[in-house]
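This report refers to the structure that appears directly beneath it.
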Amino acid sequence: MEALGITIPGVFSQVVSFLILFGVLYALLYKPVLRMLDRRSAKIREGLEAAENARREAAESRADMERQLDDARAEGQAMIAQAREVADRFREEELAKAKTEIDAQRERAEADIQRERDAAIQDLRQEFAGLAISAAEKVARRSMDEEAHRELIEEFLREAPGSGNGRR
Amino acid sequence: MGRLLANPKALTALAALAILFVIGLAGGALGNEFGGGFLGSPLTIIELKAEPLTAKPLIGGFSITNTMLTAWIAIAVLALVSYLGTRRMTEVPGRLQGLLEAVIEGFLGIAESVAGPGKARRFFPLFMTIFLFVLTSNWLGILPGFGTIGRFEPASDFIHHKEDAAEAAGKRFDPAALKMHVFEGESAIAYLPFGSVDAVITAEEYERGELEEGKRAGVIIPFLRSANTDINTPLALALIAMVMVHYWGLSALGLGHVGKFLNFKQGPIGLFVGLLEGVSELSRVISFTFRLFGNIFAGEVLLIAMAFLIPLVGLVPFLGLELFVGFIQAFIFAMLTLVFAATATISHGGDHH
């Protein structure tokens, strides 16, 4: 022991020195640096978590937006379809209305024509009766007066077939 | 190699190195045999023990040794660097803070990989402090001025000490084997000057009065000596490490830790194995101590020898080697402490079967 230089004061002094160094380094180095390292790693973890949250939120809002867009699109489609339907119905209605009007007009026109024709036939018949009378007058001028004659022809025409509504 | 020689700068550096080598060879102890030796100085008197800084003990026989002083310098350096690095801690670290953080994070990572995240924080301060202290001490010891400049101890005192030491060890004192240096001048601070390779005198010659007129004989007691070249320092570290290892073992396992060494459960074989375990625990203190002490002391002697043989450049490769050895020894000491602590806090698997 002595030859190697091991001495009690020597060992004691170095033990004390080392313990002092331990205390100094603990206070000046390990504590502040480890605290800083822990704080930084906590901060990084927080940052990563925040980024993850932001990413998830962005994805969520994106999905939300897409859903809203889809809804809006579908709604728009529905509105267009409805509008088309309304327009179709309106057109049909207008078409039907126009058709009935045209029909009515045509019927009215036909009735008018019929009436005109009847009137014309009536006129023609009267004219014809007049002509027949005058023709008969010429034939049998003296045998009958004009009044008796007319009565006779009127009677004849009334009894003749095809008279009345003017149609054959 | 060809490209190296083509580069004029490299060529100049190489030539300068070669010239320095030749000058060193001629001026050193080797060249001294052939009439050179203008640069060299005699081999330093290598002392195994740490030497006291003062001629007389200070208080009650206790004297401050040069290795204690070096340990304090190492502590001061570490404290100063820590203070400067952590004075203004910022979220974005500066260079020194970044370095300290990198070192601490790296070693904490090592501690976690060995002891697991929970225990790592517990073992880390001791682990780190051992590493930093041993590394700083070892690297400080490589600086110039260590072991070469010191106070002058006169021949009479030196011979007296040696006689006392030989008597205490029960050996015969041999004056012919005890070498001292011859100095000129009266300065209290001594160093070995250039071209003094032959300025050596033995105690026998000194006592016969062969010393030249106007000169004085004696030795240098260096002011600074690498802390781990004094066996007290590694021994102190080893004791602290093993005490802490067993303290952790006891606090983690309670009596189970004692049971590793005093094992009565498994009959005589268990008891014998336990005692062997105890002996191996004790031997760890010794292996811790002598591994560090031997490596660093040998390194110091190697540097002294190379500076003696080939001054100027003979030292250079070995300085690199000593940097490496200093780091490796610091790392080994710290790692072994960590591993012992980790194993001491794990109960033996056999206890649960």
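The values are calculated or read from the model by the stated rules, or taken from the named source; none is laboratory data. Predicted model, so just to flag it, every value in this text is computed and none were measured. Here the Cβ positions follow ideal geometry from the backbone for every residue, glycine too, while neighbour counts run over all protein chains shown.
Summary of values
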read-out: Residue among B:Glu204, B:Glu167, B:Glu277 that is within 14 Å of chain A (Cβ to nearest Cβ), part of a helix (DSSP H, G or I) and over 25 Å from B:Leu69 (Cβ atoms); value: B:Glu167
read-out: Subset of segment B:176-221 [hydroxyl-bearing (Ser, Thr, Tyr), free of Cβ contacts under 8 Å to residues at least 60 places away in the same chain and either out of contact with any strand residue (DSSP E or B) (no Cβ under 7 Å at 6 or more places or on another chain) or farther than 19 Å from B:Ala50 by Cα (or both)]; value: B:Ser187, B:Thr202, B:Tyr206
read-out: Filter result for B:Val103 (buried (at least 17 other Cβ atoms within 10 Å of the Cβ) and under 26 Å from B:Ile296 (Cβ atoms)); value: no
read-out: Tally of residues being of a type in the set (Lys, Arg) and at pLDDT 90 or above across segment B:213-227; value: 1
read-out: Lone qualifier among B:Leu43, B:Leu17, B:Leu11 - being outside the structural domain of B:Pro193 (by TED's automatic domain parsing) and in contact (Cβ under 8 Å) with a residue 40 or more places away in the chain; value: B:Leu17
read-out: Per-region count, segment B:71-91, residues closer than 22 Å to B:Phe146 by Cα and facing chain A (nearest Cβ under 10 Å); value: 9
read-out: Selection count where residues are part of a loop (DSSP other than H, G, I, E, B) and more than 14 Å from chain A (Cβ to nearest Cβ), scope segment B:32-53; value: 13
read-out: Residue within segment B:298-319 that is surrounded by fewer than 17 Cβ atoms within 10 Å (Cβ to Cβ) and more than 30 Å from B:Ser41 (Cβ to Cβ) present; value: no
read-out: Selection within segment B:23-56 - of a type in the set (Val, Ile, Thr) and under 12 Å from B:Pro311 (Cβ atoms); value: B:Ile23
read-out: Residue that is within 27 Å of A:Arg150 (Cα to Cα) and without any contact (Cβ under 8 Å) to a residue 40 or more places away in the chain, where the choices are A:Asp112, A:Asp103, A:Asp88, A:Asp123; value: A:Asp123
read-out: Complete set of residues in segment B:79-93 that are within 19 Å of A:Arg40 (Cα to Cα), loosely packed, with under 14 Cβ neighbours inside 10 Å and not β-branched (Val, Ile, Thr); value: B:Arg87, B:Arg88, B:Glu91
read-out: Qualifying residue in segment B:10-31 (condition: in contact with a helix residue (DSSP H, G or I) (Cβ under 8 Å, 6 or more places away or on another chain), farther than 26 Å from B:Thr202 by Cα, among the small types (Gly, Ala, Ser) and more than 10 Å from chain A (Cβ to nearest Cβ)); value: yes
read-out: Members of segment B:181-195 that are over 17 Å from B:Ala29 (Cβ atoms), part of a strand (DSSP E or B) and of a type in the set (A, V, I, L, M); value: B:Ile189, B:Ala190
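Yes or no, residue by residue, for (1) surrounded by 10 or more Cβ atoms within 10 Å (Cβ to Cβ); (2) at pLDDT 95 or above; (3) outside any helix (DSSP H, G or I); (4) within 8 Å of chain B (Cβ to nearest Cβ):
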{"position": "A:Leu29", "(1), (2), (3), (4)": "yes, no, no, yes"}
{"position": "A:Ser41", "(1), (2), (3), (4)": "yes, no, no, no"}
{"position": "A:Leu48", "(1), (2), (3), (4)": "yes, yes, no, no"}
{"position": "A:Ala51", "(1), (2), (3), (4)": "yes, yes, no, no"}
{"position": "A:Arg55", "(1), (2), (3), (4)": "yes, yes, no, no"}
